[in-house]
Amino acid sequence: MRTIVLILVSGFWLLASGAFAQVPIGLRNPGVVGALAPRAAGGGGGGGGGLTSTIFNETFEGTGYSITSPTWTESLGGGTVDEDYTATVLDGSQSWRILTADSASSYGYNSFTAGSERWVYFMFRPVSTPNSSNGEIIEIWNNGQTRIADLQLTSTGTIQVRHGTATATTTGAMSDGTTYHVYLRYVVGTGANGVASVGFSTDGSRPTSGSNFASTSAGTATTNAEYVAPGWIGFSGVMDLIYDKLQVGDSTSAP
Ligand SMILES: [Ca+2]
Ligand SMILES: [Ca+2]
């Protein structure tokens, strides 16, 4: 079962005002996590990336989502989200594809066991990204479903990691039509000392330096991570994006 939320015009302006993460309390269903999963076999994108252990492992295999408790919530924003996508598959037999309406946002979210340090890994293929400004491709939320960290795809294809209001941006850029393995780390801070980093590759490896890596140690978010929200949250263009193998791990999970 999955819950679908149609964000209409009013919802769009909630997004625009930055209050997108505030959803009715009745939609929340935290507290249950996916089973510990072994490292998956390699898939598309040239190599098998991923975390060494997970507390959340969404493969999108089978009808619907592979994680059924807690359920996923989708915010369509006039676009479409397909968790059974087979036209271009990044790993296994099905991937997750979002196709946004023009200048609108489409995303999904689910919860995991909250913690002060969380790693997020996912496969990501920008298919068509005519964006003219930064837009989020994944967010991390706290218990109150407020964004505490995210990755933004900039208009030039670089990736910006954000921790509260602190940011760092890669010099390397993503290209449409290429599949990437993306690693995001979040460590909660006490004011302006939180840590966040991003690294992406085409072969599954996790960069810790170089053009496809960026980090900040001045993050301002002070609450634990509890939700992951992949998708496009931006306001320009019709975005066509494919995701797969979305994993969340703890401090022991970095490859
Ligand atoms: Ca599926
Ligand atoms: Ca898959």
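The values are calculated or read from the model by the stated rules, or taken from the named source; none is laboratory data. Predicted, not measured: the structure shown is a model, and the values here were computed from it. Glycine gets a Cβ as well: all are built from the backbone with ideal geometry, and neighbour counts include every protein chain shown.
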TODO: Kindly provide the set of residues from region 212-237 that are touching a Leu at 6+ places or on another chain (Cβ under 7 Å) and either surrounded by fewer than 23 Cβ atoms within 10 Å (Cβ to Cβ) or not hydrophobic (A, V, I, L, M, F, W, C) (or both), ordered by number.
DONE: PRO230
TODO: Take ILE148 and decide whether it is β-branched (Val, Ile, Thr) and modelled with pLDDT under 95.
DONE: no
- [ ] Collect the residues in region 158-185 that are under 18 Å from ILE233 (Cβ atoms) and crowded, with 16+ Cβ neighbours inside 10 Å, keeping them in residue-number order.
- [x] THR158, ILE159, GLN160, VAL161, ARG162, HIS163, GLY164, THR167, THR169, MET174, VAL182, LEU184
Open item on the list: Being within 16 Å of ligand 2 (Cβ to nearest atom) and small (Gly, Ala, Ser): is that true of GLY77 here?
Closed with: no
Task: Unmet requirement for ARG97, which otherwise passes all of (1) more than 15 Å from ligand 2 (Cβ to nearest atom); (2) in contact (Cβ under 8 Å) with a residue 40 or more places away in the chain - done: (1)
Open item on the list: Among the residues in region 122-144, are any among the polar types (S, T, N, Q), within 16 Å of ligand 2 (Cβ to nearest atom), part of a loop (DSSP other than H, G, I, E, B) and assigned by TED's automatic domain parsing to the domain that holds THR73?
Closed with: no
